[in-house]
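*Asks:* This is the structure I have questions about; it appears just below.
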Amino acid sequence: MSALRQSDVERRSPRPAPVPGAPSRGPIHVAGMARAGTSWVAEMLRAAGGFVHLNEPFNPKRPPGQSPGILNAPVPVGYVYVAEHNADVFRPALHDTFRFRYRHLAELRQNHSWFDLAKMAKYSSAFTVGALRGKRPLLDDPYASLAAPWIAEEFDGQVAVLVRHPAAIVASYRKLGYRAHFRHFLDQPQLMADHLEPWRAEMEALVDTDDRVAQVATFWTMLHRVLADMVDRSDRLHVVRYEDLCADPEGEYERLFTRMGLEFNAAARAEVVAGTQGSSKNQSHSWRVSRQGGLSRTAFRPMDSKAMISAWKKTISPGEAARIRVITGSVADRFYTGADW
């Protein structure tokens with residue numbers, strides 16, 4: 001955590017801190033940019049037990065999103081911004097989601113392939129068990145990152161905001177052939193008005209560009225500009241760097257668990273060890289049977305965590321790294337020093 005400002009961990013807030021001895025009982029949310037490692041962090045958190053895992057219900061793509069049985073609200077764009085202007089749309093749906101009330105009819109009206117039925121059976125069972133055993137929601141969803149402060153306040157939750165080096169994100173998007181979609185931001189008038197209007201022209205110029213380095217690096221900058229502002233305004237959002245978790249998995253995860261009000265028990269410790277001593281060549285986004293049971297499609301695989309810290313340097317040239325640093329520096333300097341480049 002050495003590269004983070006102390007204020008990123010112990011932020012000033014106009015609201016009083018939660019009363020000691022009365023920890024949050026609402027959802028735990030793992031947020032951050034897609035490809036930042038949110039699936040890995042969620043997998044480590046859920047190993048402690050007592051959670052129902054919710055995998056990207058705010059993702060506008062199907063799967064994993066567009067499942068009204070899980071979240072019965074329209075999600076037209078990724079990184080949807082939720083605040084008072086649209087709270088009434090999401091409040092009842094999330095009330096059901098976080099109380100594990102699966103909406104079977106809504107799901108069947110929209111999705112009814114064999115895969116959909118299998119997914120419905122999985123989540124319906126998980127919701128029933130979660131409700132009966134008093135489990136807690138674990139929202140594993142980067143696409144809900146800009147809804148994180150509202151969700152945490154409304155439902156008494158805590159948020160781990162995962163930050164990953166911008167050059168690593170560019171490298172990951174390049175490897176997978178991904179684009180960064182600025183329409184997620186530009187098509188949300190309230191988000192633009194509250195946070196991003198001064199950079200509208202810059203984003204519009206990159207909507208259809210073939211310059212993926214500039215596109216992804218600028219997207220990283222815009223998203224983290226908003227997230228940094230949200231972190232400063234809420235004592236429920238906790239910044240953690242991907243690279244710190246990779247460098248000292250046991251120590252940093254124990255600190256993260258403590259900051260989130262969770263017990264870093266023996267099961268969680270064992271999962272952290274097992275999840276950080278695999279091969280760095282593991283593939284992403286393949287269907288598999290989850291380590292916790294059930295069909296899963298997440299980006300997490302056991303990995304050699306220390307090798308991942310600088311893996312981006314294999315595919316990002318020094319010139320590209322310098323360019324990424326220039327593009328992202330106004331925000332990235334908050335989280336990374338020159339030694340990280």
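*Asks:* Give the order of ASP211, ASP88, ASP244, ASP340 when sorted by the count of other beta carbons within 10 angstrom, beginning with the fewest.
*Replies:* Ordered from fewest to most neighbouring Cβ atoms within 10 Å, ASP211, ASP88, ASP244, ASP340 come out as ASP88, ASP211, ASP340, ASP244.
*Asks:* In the chain, what % of DSSP beta bridges are antiparallel (nearest 5)?
*Replies:* 15
*Asks:* Set Lys and Arg Cβ to +1 and Asp and Glu Cβ to -1, take the dipole of the chain about its Cα centre, and tell me which of LEU117, VAL75, GLY338 lies farthest positive.
*Replies:* Of the listed residues, the answer is LEU117.
*Asks:* Turning to a different aspect of this structure: For the chain, what relative contact order do you get, as a whole percent, if you take Cα pairs closer than 8 Å and at least 6 residues apart?
*Replies:* 26
*Asks:* Positive end of the charge dipole of the range 144-190 (Lys, Arg +1 and Asp, Glu -1 on Cβ, about the Cα centre): tell me which of VAL161, ALA147, ALA171 has its Cα farthest that way.
*Replies:* Most positive-ward Cα: ALA171.
*Asks:* OK, next. When the chain is modelled as a GNM with alpha-carbon springs shorter than 10 Å, which of ALA121, ALA201, ALA322 fluctuates the most?
*Replies:* ALA201
*Asks:* Neighbour counts of other C-beta atoms within 10 Å: give me VAL240, VAL30, VAL213 arranged from fewest to most.
*Replies:* Fewest-to-most ranking of VAL240, VAL30, VAL213: VAL213, VAL240, VAL30.
*Asks:* To continue, here is another question. Please find, in a Gaussian network model of the chain (springs between Cα atoms separated by less than 10 Å), the residue of PRO198, PRO63, PRO166 whose mean-square fluctuation is greatest.
*Replies:* PRO198
*Asks:* Another question, then. Rounded to the nearest 20 Debye, what is the dipole magnitude of the range 16-120 about its Cα centre when Lys and Arg each give +1 and Asp and Glu each give -1 at the C-beta?
*Replies:* For the range 16-120, the charge dipole is close to 140 debye.
*Asks:* When the convex hull of the C-alpha atoms of the range 12-139 is computed, what volume per residue in Å³ does it have?
*Replies:* Convex hull volume per residue, Cα atoms: 144 Å³.
*Asks:* Can you tell me which of THR218, THR328, THR315 moves the most in a GNM of the chain? Springs connect C-alpha atoms under 10 Å apart.
*Replies:* Highest fluctuation among the options: THR315.
*Asks:* So if we plug the beta-carbon distance of ALA266 and LYS306 into 1/(1 + (r/R0)^6) with R0 = 25 Å, what FRET efficiency do we get, rounded to 0.05?
*Replies:* 0.60
*Asks:* Using the Kirkwood formula on the Cα atoms of the chain, what hydrodynamic radius do you get, in angstrom to one decimal?
*Replies:* Computed over Cα pairs of the chain, the Kirkwood hydrodynamic radius comes out at 20.5 Å.
*Asks:* Next question, about the same structure. For the range 74-207, what is the relative contact order in percent, using Cα pairs closer than 8 Å and at least 6 residues apart in sequence?
*Replies:* 36
*Asks:* Could you compute the FRET efficiency for ASP88 and LYS175, with r as their C-beta to C-beta distance and R0 at 45 Å, rounded to 0.05?
*Replies:* That pair, ASP88 with LYS175, gives E of 0.65.
*Asks:* For the ranges 91-99, 156-164, what's the packing order if you count other beta-carbon atoms within 10 Å of each residue, average per peptide, and put the highest first?
*Replies:* 156-164, 91-99
*Asks:* Let me confirm the definition first: pairs of Lys residues in the chain, 8 or more apart or on different chains, C-alpha distance under 14 Å. How many are there?
*Replies:* For the chain, qualifying lysine pairs total 5.
*Asks:* Then there's this: Summing +1 for each Lys or Arg and -1 for each Asp or Glu, what net charge is found among the other residues whose Cβ lies under 14 Å from the Cβ of ALA83?
*Replies:* Around ALA83, the surrounding residues sum to -4.
*Asks:* Now a separate question. For the range 217-240 and the range 86-163, compute the distance between their C-alpha centroids and round to whole Å.
*Replies:* 23
*Asks:* Of LEU146, LEU191, how do they rank once you tally other Cβ atoms within 10 Å and put the fewest first?
*Replies:* LEU191, LEU146
*Asks:* Let me spell out the model: positive unit charges on the Cβ of Lys and Arg, negative unit charges on the Cβ of Asp and Glu, origin at the Cα centre of the chain. What dipole size does that give, in debye rounded to 20?
*Replies:* Dipole of the chain, to the nearest 20 debye: 940 debye.
*Asks:* Additional query: Dipole size in debye (nearest 20) for the range 85-227 around its Cα centre, Lys and Arg Cβ +1, Asp and Glu Cβ -1?
*Replies:* Taking the Cα centre of the range 85-227 as origin, the dipole is about 760 debye.
*Asks:* Continuing with this model, one more query. Counting each DSSP H run of 4 or more residues in the chain as -39500 (n - 2.57), what helix-only mean residue ellipticity at 222 nm follows after dividing by all residues, to the nearest 500 deg cm²/dmol?
*Replies:* So the calculated ellipticity at 222 nm is -12500 deg cm²/dmol.
Readers should treat all values here as calculations from the given coordinates under stated rules, not as data from a laboratory. Predicted model only: the values in this text are computed from it and were never measured. Positions of Cβ are generated from backbone atoms using ideal geometry, with glycine treated the same way; all protein chains shown enter the neighbour counts.
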